[in-house]
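Novice: One structure follows; several queries about it will come next.
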Amino acid sequence: MKKKFCFITLILLFILAFAATSFANTPLENYELTLEKFTKLQKQGVIGEDVSYENIKKINRESKEMQRILEKNDDFKSFLLRSSATLKKGDILITDDTSLIFVGHSAIALSSNEILHIQGIGYTPKVVSRSWFEDKYSDGWIKTYRLNDSGIASDAADWAEDTYKNSNVKYKITSSLTTTNETYCSKLVFQGYYFGGSTQVVSPRFTLSGVLSPYLLPSTLDGGIYSCNKIGEL
């Protein structure tokens, strides 16, 4: 009887693990946050009351379109970062290997081997190694973007590190991009450049009110003489 119970328990654990993995790796094209899940997350305090369901759906639609544009743009110089390139301070990493509230995930490099990010619901900002980041998001692609001004990129990374490293700031999506008492992945990266780098980096078309998805970071941090270019993939 005991052996049978253990066997059934193992089967159930396997099913739960498979289901969790399947959800976490939902293909970008097929992912859609349901109203039921949105409402639940809002009640849990993960999504602010100032963010509407229609807003999140709009952001996800824009994100999907921006991904297609970025991948088809021949102006980006690409090479395999894993084998030949070095991460630089301030580099922006974007991956499609996650879809929870909106599609994608982003982080900022603090050095050639340190990456600062906030993983998701229930997490606080954390510094991880490059190898950890590569392994964690290995089921999808990881693209790297670099501002054409290394000084501003370095200052952005310093601000993000000073503000969020080892902090207890929780993951929460709100419509304000200027608060630091809660954050999410792309907000953390954006703030590094806006507060720590230069407000001139931000595209003149962009406003500080709303939710910013990871895929929209390259076009957002592309203002005037500054450009945010794709430099490779992990």
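Novice: Once fully extended, how much extra length lies between residue 35 and residue 158, figured as 0.36 nm per residue of separation less the alpha-carbon to alpha-carbon distance?
Specialist: 40.5 nm
Novice: Starting with the fewest neighbours, write out 65, 161 ranked by other beta-carbon atoms found within 10 Å of each beta-carbon.
Specialist: Values: 65 11, 161 20.
The fewest-first ordering by Cβ neighbours comes to 65, 161.
Novice: Summing +1 for each Lys or Arg and -1 for each Asp or Glu, what net charge is found among the other residues whose Cβ lies under 9 Å from the Cβ of residue 97?
Specialist: With Lys, Arg at +1 and Asp, Glu at -1, the net is -1.
Novice: Still on this structure, I have one more. Of the listed pairs 43/89; 43/165; 57/88; 37/170; 57/143, which have alpha-carbon separations greater than 31 Å here?
Specialist: Table pairs above 31 Å Cα-Cα are 43/89; 57/88.
Novice: Can you tell me the order of 46-52, 122-128 when each peptide is scored by its average per-residue count of other Cβ atoms within 10 angstrom, highest first?
Specialist: Result, highest mean Cβ count within 10 Å first: 46-52, 122-128.
Novice: In addition: Rounded, prolate or oblate: which one fits segment 53-233, using the alpha carbon gyration tensor with axes a ≥ b ≥ c (rounded when a/c is under 1.5, else prolate when a/b beats b/c, else oblate)?
Specialist: Values: a/c = 1.14, a/b = 1.08, b/c = 1.05.
Because its axes are fairly even, with a/c under 1.5, segment 53-233 counts as rounded.
Novice: Right, another one. Quick one: which of 148-157, 132-141 comes out on top by average Cβ neighbours within 10 Å, and what's the full order, highest first?
Specialist: Put in order of decreasing packing, that is 148-157, 132-141.
Novice: What are the residues whose amide H is under 5 Å from the amide H of residue 176, where those residues sit 5 or more places off or on another chain and H is modelled from the backbone?
Specialist: 210
Novice: Also, quick follow-up: Skipping prolines and chain starts, which residues have an amide H placed within reach, meaning under 5 Å, of the one on residue 91, given they are 5 or more residues away or on another chain?
Specialist: Excluding prolines and chain starts, which carry no amide H, the hits are 109.
Novice: Please list, in chain and number order, the residues 5+ apart from residue 231 or on another chain whose amide H is under 5 Å from its amide H, with Hs placed from the backbone.
Specialist: Sorted by chain and number, the residues that satisfy this are 144, 145, 146.
Novice: Taking the beta-carbon count within 10 Å as an exposure proxy, list 145, 53 from fewest neighbours to most.
Specialist: 53, 145
Novice: Relative contact order of segment 53-233: what whole-number percent is it, with Cα pairs under 8 angstrom and at least 6 residues apart? Spell out each step's value before the answer.
Specialist: Working: 360 pairs, mean separation 48.7, N = 181.
So the answer I get is 27 percent.
Novice: Here is a follow-up. What order do you get for 117, 105 when you list them from fewest to most C-beta neighbours inside 10 Å?
Specialist: Least crowded to most crowded, the residues run 117, 105.
Every number in this text was worked out from the coordinates using simple rules, so none of it is lab data. Since the model is a prediction, treat every value here as computed from it, not as a measurement. As a convention, Cβ positions derive from the backbone with ideal geometry for all residues, glycine included, and neighbour counts pool all protein chains shown.
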